[in-house]
Amino acid sequence: MKLSSRGSSRLKSGHVWVYRSDIVFSDGVPPGAVVEVADERGKFLGTALYSSASQIAIRIISPNKVDDLLGLLRKRIQNSIAYRGLVVRETDAYRVIFSEADFLPGLIVDRYNDLLSFQVLTQAMDSEALRQTLISELGDQLKPAAIVERVDPRVRELEQLPARASGLVHGEKSNTVFSMNGVRFHFDALVGQKTGAFLDQRENYAAAQRHARGEALDVFCYQGGFALHLAQQCSKVSGVDSSRSALEVADRNAALNGREVEWIEANAFDLLRDYADAGRQYDTIVLDPPAFARSKRTLETAMRGYKELNLRALKMLRPGGVLLTCSCSYHVSEADFAQMLREAAGDLRRPLRVLERRGQSQDHPVLLGVPETAYLKCFILS
Ligand code: SAH
């Protein structure tokens, strides 16, 4: 498959995606095919997985020729597992395979204690041969009690893949208890957002616990990831989320750990405004909102949202208090996020120190040539 000069220079700069508009010729290439990619002059650039539907038409899987794709898949799975052995500590829940960043574009695998959950994001990864190899290799390597496939119907629609239901593909078990940094959580593989918990925040939970004290507020708390870590240190913890079902699990998680946390079902923007106006004060505040900027176009509105939240949180922070604030939007750069925080602090004439500048946990590696793999920003300020 031939690429335009823009497509080839993107690959030469280390990225692994090529957009459809940068492909010179793709007629007759079947959906999900493994293709050899060349520049305009016919020079070989790598082996890629092709999607006939996505705007990202090509995802490089190797800079070399590949004649045993299933063997390569097994090897990559083994490498991903070995890497986690080096970087994952104090938990039995972590991301085992992170798509491009593990050289397996279109595949996500998470582990929750004895359960594995996987998600396929592209036509190529959905092929029966790849799925069966994946399931057998994960089974051999990690010996899980069960493996669950999680389906995002929107992803399948965009990839023009036939609808499929989430469900067990190996074993019988679909819920378990996992632990992170000594805190325990319920996991139900067949309900919940994303693939279950927010594993990318695991190391930030531990950091939050190190800095936390006094009265704490966890805003956008979901199932209590931060709140339950804060509860190890703080005299009182409140968690806020708009999702009742998330708070129900959060409450069961608190009971599992023998902790008291106040769970508040509310729109965070309204609650912060009311609490700030009422003069409430906290020693520790966590802000971990959902991705506000889903595209470049919505960046400006997103930045206003981030600023409003951070401004209100800072107003409620006692002198010497700690704010841990996150953004998981790839489109918001770390520099943009820092600038927004500077403006919020400036509006309040409150000098702030950066105690820590953090990102996603190491089981979500960053591929240098693919900036999209570095998405989580986390600042701890005081
Ligand atoms: N901090 C959590 C993850 C947060 S994900 C953890 O570490 O596990 C974002 C959460 O924001 C979701 O639980 C979602 O229900 C909630 N949410 C989205 N919009 C909201 C709003 N306007 N007010 C309150 N919660 C909201």
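The values are calculated or read from the model by the stated rules, or taken from the named source; none is laboratory data. Keep in mind the model is a prediction, meaning the values are calculated, not measured. Backbone-built Cβ (ideal geometry, glycine too); neighbour counts: all protein chains shown.
For segment 341-373, a tally of residues being within 22 Å of the chain's Cα centre (by Cα) and free of Cβ contacts under 8 Å to residues at least 40 places away in the same chain returns 2. Inspect segment 317-329 for any residue being within 11 Å of the ligand (Cβ to nearest atom), surrounded by 18 or more Cβ atoms within 10 Å (Cβ to Cβ), in contact (Cβ under 8 Å) with a residue 40 or more places away in the chain and not in a strand (DSSP E or B) and give the result as yes or no. Yes, the conditions are met somewhere in segment 317-329. Could you list, in sequence order, all residues of segment 218-260 that are closer than 15 Å to His186 by Cα and away from the ligand (no atom under 13 Å from the Cβ)? Asp251, Arg252, Ala254, Ala255, Leu256, Asn257, Gly258, Arg259 - these are the residues of segment 218-260 that are closer than 15 Å to His186 by Cα and away from the ligand (no atom under 13 Å from the Cβ). Note on segment 267-289: among residues that are within 9 Å of the ligand (Cβ to nearest atom) and surrounded by fewer than 16 Cβ atoms within 10 Å (Cβ to Cβ), the one that is farthest from the chain's Cα centre (by Cα) is Asp270. Look at (1) closer than 20 Å to Pro290 by Cβ; (2) surrounded by 18 or more Cβ atoms within 10 Å (Cβ to Cβ) and you find that Leu381 fails only one, number (1). Here the strands (runs of 3 or more DSSP E) wholly within segment 26-111 that include at least 1 residues being farther than 30 Å from Ser179 by Cα and free of Cβ contacts under 8 Å to residues at least 40 places away in the same chain are 34-38, 44-50, 56-62. Residue count for segment 153-170 satisfying the condition of being more than 21 Å from Leu73 (Cβ to Cβ) and touching a residue at least 24 places away in the same chain (Cβ under 8 Å): 3.
The condition of being touching a Phe, Trp or Tyr at 6+ places or on another chain (Cβ under 8 Å) and either part of a strand (DSSP E or B) or modelled with pLDDT of 95 or more (or both) holds for only one of Leu309, Leu355, Leu271, that being Leu309. Contact annotation: residue pairs with Cβ atoms under 6 Å, 6 or more positions apart or on different chains, pairing a residue in segment 265-289 that is at negative phi with a partner that is buried (at least 16 other Cβ atoms within 10 Å of the Cβ) and among the acidic types (Asp, Glu), are Tyr282/Glu215; Asp283/Glu215; Val286/Asp218.
Yes/no matrix, rows are residues, columns are (1) surrounded by fewer than 20 Cβ atoms within 10 Å (Cβ to Cβ); (2) within 17 Å of Pro371 (Cα to Cα):
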residue	(1), (2)
Leu11	no, yes
Asp22	yes, no
Ala33	yes, no
Phe44	yes, no
Ala48	no, no
Ala53	yes, no
Ser62	yes, no
Val66	yes, no
Arg74	yes, no
